[in-house]
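> Take this structure first; my questions come after.
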Amino acid sequence: MAKPETGPLSLRAARTFKAPRERVFRAWVDPEALKRWFIEPTEGRWTAEPQLDPRPGGQYRLAGESGGKAWCVHGTYREVKAPERLVFTWEWEDHPNPGDSGQTLVTVEFHDRGAHTELVLLQEGFPHEASREDHRTGWAGCFDAMERLLA
């Protein structure tokens, strides 16, 4: 489950998955794997193929529709250290909640726990509390779907 935030406008979430960290890391950088956990099919759909270039300076772009509202998020990978760590910017290009724009920074760490992987996500720089809480809910849903993918 998501843990409490680490600062006033940041979010920390952690989950342990029953899979080796190479597999959990790959779920974040392989478009076909990402398609299976980032959007719940019962709640939304992809409107374009995910574009991922997981290398420092590489770009990503994800576009979909949830609850009948289109959205698109994009950013730049700042750090890619397989299978240990990803750092990337996160910016809404088209978000269903007006005012939820601006850039945040996401750091994802993958900790080897034997046959398990502890994933720790930190997202910093939210414009307001409501945005942080929306993302907390969104990441929890993503982690639930990722758990099913990796089972």
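> Does the range 94-104 contain at least one residue that is surrounded by fewer than 18 Cβ atoms within 10 Å (Cβ to Cβ) and at pLDDT 95 or above?
no
> Restricting the search to the range 74-93, which residues are touching a Lys or Arg at 6+ places or on another chain (Cβ under 9 Å) and at pLDDT below 95?
Once the filter is applied, which keeps residues that are touching a Lys or Arg at 6+ places or on another chain (Cβ under 9 Å) and at pLDDT below 95, the range 74-93 yields only Glu93.
> Which condition number in (1) under 15 Å from Trp139 (Cα atoms); (2) in contact (Cβ under 8 Å) with a residue 40 or more places away in the chain; (3) surrounded by fewer than 18 Cβ atoms within 10 Å (Cβ to Cβ) is the one that Pro83 fails?
Result: Pro83 passes all but (1).
> Also: Could you please give the count of residues in the range 35-61 that are free of Cβ contacts under 8 Å to residues at least 24 places away in the same chain, within 22 Å of Leu150 (Cα to Cα) and surrounded by 14 or more Cβ atoms within 10 Å (Cβ to Cβ)?
5
> When you look at Thr137, is it in a helix (DSSP H, G or I) and of a type in the set (Ser, Thr, Tyr), yes or no? Reasoning before the result, please.
On the way: in a helix (DSSP H, G or I): yes; of a type in the set (Ser, Thr, Tyr): yes.
When the stated conditions are applied, Thr137 passes them.
> Further question: Using the structure shown, decide if Glu91 is surrounded by 13 or more Cβ atoms within 10 Å (Cβ to Cβ) and over 17 Å from Ala151 (Cβ atoms). So that I can check it myself, show each step before the final result.
Values: surrounded by 13 or more Cβ atoms within 10 Å (Cβ to Cβ): yes; over 17 Å from Ala151 (Cβ atoms): yes.
Yes.
> Among the residues of the range 123-134 satisfying the criterion of being touching a residue at least 40 places away in the same chain (Cβ under 8 Å) and either in a helix (DSSP H, G or I) or out of contact with any helix residue (DSSP H, G or I) (no Cβ under 7 Å at 6 or more places or on another chain) (or both), which is surrounded by the most Cβ atoms within 10 Å (Cβ to Cβ)?
Of all residues in the range 123-134, those touching a residue at least 40 places away in the same chain (Cβ under 8 Å) come to 123-129, 132.
Keeping just the survivors that are either in a helix (DSSP H, G or I) or out of contact with any helix residue (DSSP H, G or I) (no Cβ under 7 Å at 6 or more places or on another chain) (or both) gives 124-125, 127-129, 132.
Details: Glu124: 17, Gly125: 16, Pro127: 14, His128: 12, Glu129: 11, Arg132: 21.
Ranking the qualifying residues of the range 123-134, first place goes to Arg132.
The values are calculated or read from the model by the stated rules, or taken from the named source; none is laboratory data. None of the values given here were measured: they were computed from a predicted structure. Methodologically, a virtual Cβ is constructed for each residue, glycine included, from the backbone with ideal geometry; neighbour enumeration extends over all protein chains shown.
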